[in-house]
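Below: the structure, in structure tokens.
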Amino acid sequence: MHVSRNVAAPRHLSPLSLAGCLVVVLLVSSSLFAVERTSLGEAPKNPRAAVATDIASRRTAWVGMAGSRFAAYVDGEAGPKFDEIVSVGGSSFSPNIKLAAETGFAYVGRRSDQYYVVTPDGMGEAYPAAPRQLELSADGRTTVFTIRTDASQPGQTLMINGKAALDGGRVDELRVSNTGRYVACRFIPDETDAASETFGKLRGVIFDGGDKVAEYRLPGSMEMIAFAEDDSHYAYVEQVLSLVEVEHNGKKGHQQVLTYRVVRDGEPGPDYPAVLRLEMSPDGERLAYFVSKDEQQLRFATHLVVDGKEIELKSTLSMPQYGKGPWHFFSDDLAHFAYMAQVGKGQTFVVDGRSGFEYQSVANFTFSPDGKRFAYTAMQGGKAYVIVDDEESDGYRQITTPPAFTADGSHCVYVAQDDGGEHHVVVDDKTVARYGHFRKLVFSPAGSRFAVLGYADNINSIYLDGKTIDLDKGMNAMGMAFSPDGKRFAYITNHYTSQHNSQLVVDGQKWPVYQGGQETTPIFSPDGSDIAYLAVHHLVLNGEKCPGERNLVLAGHNQPPTWTFTDDGHLQYYTVEDGQFYRYRIKGKGGAATAAQAKDTAEPAKQTASQPVKKSDEPASPAKEKPAYVDPEQEAKETVKQAEEAAEKKKKDADDEAADEINKASKGRSGA
């Protein structure tokens, strides 16, 4: 394995041999970051599948060469050697390694015609066919997959942490709880199963610590199952087949009847003709679900059951049997609930059993994070309204973005368009900015701050913290982002006439312009001191191009990016250069400008009144301050140029002085 590093010092190369590894130190006169490049061997055939990232834990892993074989490198440690690291993601662009939490991982390796699952506990036993449906618990401690013990037979075996838990049929729709205590699946037994009369051909099976605790007749899908976040409770919906006595034409007999019930921690609740949705609070202490008591209208809820108490709905509610529809809502803690009801000829939302005003239609309901406030949109008489805590807004042509609450629930934000086509940014029912065209609304990670991008008077501007930031004429903003703590704000701009140029602006400070701009969002390091973004042709850190970035390995469709900041603040990414696979780790030296620099180079900001201020058509004057970045090569060239100019000036001054002396001497001789 080969490693090279860039550190600040006079420019020269110094190869050092250290413990059998070749370490090349590239010393640079000035740099905004230190670079470590590690050779991972020959480039894999499919680099996209060779890199895995976990955004939550900021971990990466890769598949590389280990001699003539392949190995998975997780957190820098090489695993066993294999002929192949097998894809388990169902796509050629899916990563071959699964990561979870701080230490969890799993992947499948092949040696000849034998397959193995590798986890932090080591390499498991050999299988004749490749394991499928590989899943990890959120804490990374439980690994679940299915295998065919006999490659010639269709039956599957469910494996939990390397031990067989279920076989004799088809296993799919795996569910793994956060801590991995519970594992659930849909099971279709083979024809020889004797229990089919009791459990049916379609079953749900739940395991607790690898031991089966429930097997039940499944109502179609595994959607109707819930776990507490700490796995202290579980609940599911089961189908019940009963024989009831009936009388027809004076003759008594029996008829099969299907009903449904909710089972919580092994304790069954009452039977209903239909159970339509199941919700559990994060702590598992509260349970809520909709039911139908009308045997003729099984898709229409008639009651809401909360903690075992039935609440009759004010109107029947059409609901999908599985999944979540736009008609019913719970606060995060299940302390509050709302549903859409038909009243008269219109609709309303019923919140905690209390009806609101009647409208022609209602939609976009939301609770504040603490559940104490609510908002939704409504249509009446050709006008659109936002209702916040039963208070109605002004009428608009349309609501451009649905209402959203800040993290503490103290502010409600939305964007609406008036009859003249102007878009209003509304905070707590007051217009704080107006735009001819609305483009984007972004909240900080904690939801305490937000930014709005819009266009008015031929200029794009951003509304942030009660002020507007005017962009230069002809400039458009793309991705906007807040730092993890919400204290810093960044966005990327490009020019309408030159879409392939991009410039990063951080806290008002402009970084260099690069070719290859695209719709991308900048990413901050964990502590917010460094920032990176991806242009089409460049990966940029703190305004400076990263080495090797033209050969960057990009992620497949709908996959996490292959470049990310690690917990220790390094920007980590992978490249393929001249047929070799490399990993780069770059440590930024703080991309934050000083307060004075940020103030000097900030975009012009002003307080925004309810009426927009006419913006000048003149482009902003270019900043004359020293750039916030330093190009080492350019700086070196400037230093040499300045030295040459100084030497030339010194020589010229000396020549002029010598000429003056000659002239003086000549005049002296003439006078004599």
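Of the GluC sites (Glu not before Pro) found in segment 61-148, those that fall in a DSSP loop while having at most 14 other beta-carbon atoms within 10 Å are 102, 125.
Solvent exposure of segment 322-448 amounts to 45 Å² per residue of accessible area, where only protein heavy atoms count and the probe is 1.4 Å.
Where the accessible area of segment 155-269 is counted over protein heavy atoms with a 1.4 Å probe, how much of it, in %, is carbon and sulfur? Summing carbon and sulfur atoms, their accessible area is 44 percent of the total for segment 155-269. Taking the three principal axes of the alpha carbon atoms in segment 183-231, the coordinate ranges are 38, 22, 14 Å, sorted in descending order. Expressed as a whole percentage, what fraction of the accessible surface of segment 363-509 belongs to carbon and sulfur atoms when a 1.4 Å probe is rolled over the protein heavy atoms? Solvent-exposed carbon and sulfur of segment 363-509 make up 48 percent of the total.
Heavy atoms of the protein chains alone define the surface here; on that basis segment 104-203 has 47 Å² accessible area per residue at 1.4 Å probe size.
Calculated on C-alpha atoms, the gyration radius of segment 192-309 divided by its Kirkwood radius gives an Rg/Rh of 1.02. Here is the size of segment 422-497 from its Cα atoms: Rg then Dmax, 12.3, 37 Å. Within segment 339-420, list the chymotrypsin sites (Phe, Trp or Tyr not before Pro) lying in a DSSP loop whose Cβ has at most 15 other Cβ atoms in a 10 Å radius. Here the chymotrypsin sites (Phe, Trp or Tyr not before Pro) that fit, given the DSSP loop and packing criteria, are 357. The alpha carbon centroids of segment 36-87 and segment 333-362 are separated by 53 Å. Considering only alpha-carbon pairs that sit under 8 angstrom and 6 or more positions apart, the relative contact order computed for segment 307-451 is 12 percent. Each of 384, 413, 441 was placed along the dipole of segment 374-468 (beta-carbon charges, centred on the mean Cα), and the one lying farthest toward the positive end is 441.
When all alpha carbon pairs of segment 263-411 are counted in 5 Å bins from zero, the resulting P(r) reads 2, 9, 18, 20, 19, 15, 9, 5, 2, 1, 0 %.
The values are calculated or read from the model by the stated rules, or taken from the named source; none is laboratory data. In this text, all values refer to a predicted model and were calculated from it rather than measured experimentally. Here Cβ is always computed from backbone atoms with ideal geometry, including for glycine, and neighbour counts include all displayed protein chains. Only protein heavy atoms, including side chains, enter the accessible area calculation; ligands, DNA and RNA are left aside. Shrake-Rupley method; radii C 1.70, N 1.55, O 1.52, S 1.80 Å.
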